[in-house]
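I have placed the structure first, in the form of structure tokens, so that the comments after it can refer back to it.
The values are calculated or read from the model by the stated rules, or taken from the named source; none is laboratory data. None of these values were measured; they are calculated from a predicted model. Positions of Cβ are backbone-derived with ideal geometry, glycine not excepted, and every protein chain shown enters the neighbour counts. The protein model used for the area step is the full one, side chains on, heavy atoms only, and it has no ligands, DNA or RNA in it. Shrake-Rupley method; radii C 1.70, N 1.55, O 1.52, S 1.80 Å.
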Amino acid sequence: MLLRGLLGLVGFVALWSAAIPLFGVPDHVLPSPLEVVERLGFLYDHGNLLMHIEVTLIEIFWGFTIGLVLGVLFAVIFARVPFLERISTPLILLLQTAPKIAIAPLLLLWLGLGAAPKVVLVAIVTFFPVMTAMLTGIKYVNKSYIDLADVLKLNSWQRFLYIEFPSAIPTLFAGATVATTLAMTAAVIGELMGANKGIGFLLATGQEDADTATVIAMVILLSAIGWAFYALLDYLRVRMEDRYS
Amino acid sequence: MIKIKGVTKTFGVGADRVNALTPVDMHIEKGEFIAIVGPSGCGKSTLLRLIAGLEDVTDGSIDLGSKDKKRPVGFVFQDAVLLPWKTVAENIRFPLDTSAVPRSVSDAKVAELIALIGLTGFERALPKQLSGGMRQRAAIARALADDPPILLMDEPFSAVDLLTRETLNDELLKIWEQTGKTIVLVTHSVEEAAYLGTRVMVMSARPGRLRKTFKADIPQPRSEETKRDPRYLDLVSELRTMMREPVL
Ligand SMILES: Nc1ncnc2c1ncn2[C@@H]1O[C@H](COP(=O)(O)OP(=O)(O)OP(=O)(O)O)[C@@H](O)[C@H]1O
Ligand SMILES: [Mg+2]
């Protein structure tokens, strides 16, 4: 699996290198892989690259964590108090279908150029898939488990704690895995729209300076981080699925 | 004693109405082992679920004669229904954990049940690591955990192989003898019904109803011997004939 991925990567880099002399692509359109790597090295030495990566990672971490916790919390509340779910469903549907990225400028206006608006944006995009997944998991619990709960005359708190919550865990992690991609995108968009730190900031700077090598380097960096983030959650999802279903 | 008086059950409304059960009357004495047989869709599961309180009767009444008990029945489902995230011991302990029984008491009870049901060594296994027969054993142990006077079983052994099934039948009889519980068991097998029951009730479909009750006058305790006993063989053949002949 890893080997095949590595092979694909090597092939891709080889094609990329070969295409440049073959088609006479100018440097400002497509720099060679070597140049991109050199740019990464340069940014590492002189551009505080690690600090920027750290800033983005921290935004994603807090945003994702907050979105996850709130998503689970709201799902639990909605599941326990169906009346609340009914009255908030229209609002939630509206928020869910609205392009959440569109509120980025608003967040920047309110919260400034620091990490806060990015954290909030990441939390918002994480919230919906997590909340929906958790709520679905709780609602569509296996009918037989309900029978068991009925025979044992469990009260509603026991039902939730011992049956609904554990059986919703695999669904919850499926939602969280989907949310990783959204969370990455949200953090970068937030940074692109206004920041003085972070990978998105470097990306925007590269664009302004028509520095294609930097832009490509940042795209590659973001893909790598996004992939690792996704892989981590997917691994957890598989573990949870194994344990809870 | 279970008193079932004029119990009917219909599902759905309007065009989708299904008469799952037309008036059923039966009295089950304390300590009896009732086996229920009948064709698919005759309302066996429905009757059991009504006794367990998993469904509400459309008409009539069911008296379990144990109002003081919080959980008068233990239920063994067809497909075990063990919680997959709990170990065997935790699953068996579940009824006790959810009624505030202290761990010192419940752990002793679980150890006793695990020995009784022959799952020693699998306390910490997860349900998915068990065979179908072992899962059913665990489910029986769980149903016995908080000592309900009545044990309801809906085709508990239909998913296990024949040899395991016979072993489980003998173990069930042993448990019944030791605990004196009232057992109502649904099965598709007339042999199983005749072997286990003190009475066998035959139901028929469309509409679901109780057709006839047979007293199983076969000496206790039952064993391999029983299967050669003419009284057992007669009952099996009588049951089979009745199941085959069309309902008038
Ligand atoms: N929840 C339900 N909603 C609607 N109809 C139902 C429901 N449960 C059972 N029925 C109907 O009631 C009838 C009796 O069903 P029941 O499950 O009790 O039969 P059974 O004797 O247990 O059959 P089997 O041997 O196949 O398990 C069937 O016609 C079935 O379709
Ligand atoms: Mg059935």
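Cross-link list A:K100/A:K139; B:K44/B:K128; A:K153/B:K3; B:K69/B:K181; A:K139/B:K44; A:K143/B:K181: which exceed 24 angstrom alpha carbon to alpha carbon? Those over the limit are A:K100/A:K139; B:K44/B:K128; A:K139/B:K44; A:K143/B:K181.
In segment A:23-157 the Cα-Cα distances spread across 5 Å bins starting at 0 as 2, 9, 11, 13, 12, 11, 11, 8, 7, 5, 4, 3, 2, 1, 0, 0 percent of all pairs. Looking at segment A:134-232, the trypsin sites (Lys or Arg not before Pro) that sit in a DSSP loop and have at most 15 other Cβ atoms within 10 Å of their own Cβ are A:K153.
Counting only heavy atoms of the protein chains and using a 1.4 Å probe, A:F23 has close to 150 Å² of accessible surface. Stretching the chain fully between A:E241 and A:L94 yields a gain of 49.8 nm (0.36 nm per residue, less the alpha carbon separation).
Applying 1/(1 + (r/R0)^6) with r as the Cβ-Cβ distance of B:D217 and B:K69 and R0 = 30 angstrom yields a FRET efficiency of 0.40.
Heavy atoms of the protein chains alone define the surface here; on that basis segment A:33-244 has 51 Å² accessible area per residue at 1.4 Å probe size. If the Kirkwood radius is taken over C-alpha pairs of segment B:176-231, then at 37 °C and 0.692 mPa s the Stokes-Einstein diffusion coefficient equals 260 µm²/s. Set the Cα radius of gyration of the protein assembly as shown against 2.2 N^0.38 Å, with N its number of residues, and you get 1.39. Against chain B, whose longest principal axis is taken from its Cα atoms, helix B:132-145 shows a tilt of about 80°.
Rg/Rh for chain B stands at 0.97; both radii use Cα atoms, and Rh follows the Kirkwood definition. Per-residue 3J(HN,Hα) values for segment B:218-233, derived from phi via the Karplus relation 6.51 cos²θ - 1.76 cosθ + 1.60 with θ = phi - 60°, read 10, x, 9, x, 7, 7, 3, 3, 3, 6, 10, 5, x, 5, 5, 5 Hz in sequence order (x marks Gly and Pro).
Comparing Cα centroids, segment B:69-137 and segment A:1-56 end up 58 angstrom apart. Dividing the convex hull volume of the alpha-carbon atoms in segment A:100-221 by its residue count gives 114 Å³ per residue. Here A:L111 sits with roughly 80 square angstrom of accessible surface, probe radius 1.4 Å. Helical runs assigned H by DSSP (4 residues or longer) give the protein assembly as shown a calculated mean residue ellipticity at 222 nm of -19500 deg cm²/dmol, each run adding -39500 (n - 2.57) before division by the residue total. Dividing the convex hull volume of the alpha-carbon atoms in chain A by its residue count gives 152 Å³ per residue. When trypsin sites (Lys or Arg not before Pro) are flagged only if DSSP places them in a loop and at most 16 other Cβ atoms lie within 10 Å, the longest unflagged stretch of chain B comes out as B:125-248.
Placing R0 at 30 angstrom, the Cβ-Cβ distance between B:S40 and B:S61 gives a FRET efficiency of 0.65 after rounding to 0.05.
Each pair of Cα atoms in segment B:79-147 enters the Kirkwood radius, and Stokes-Einstein at 37 °C and 0.692 mPa s then converts it into a translational diffusion coefficient of 285 µm²/s.
When a 1.4 Å probe is rolled over the protein heavy atoms, the share of accessible surface on the protein assembly as shown that falls to carbon and sulfur comes to 64 percent.
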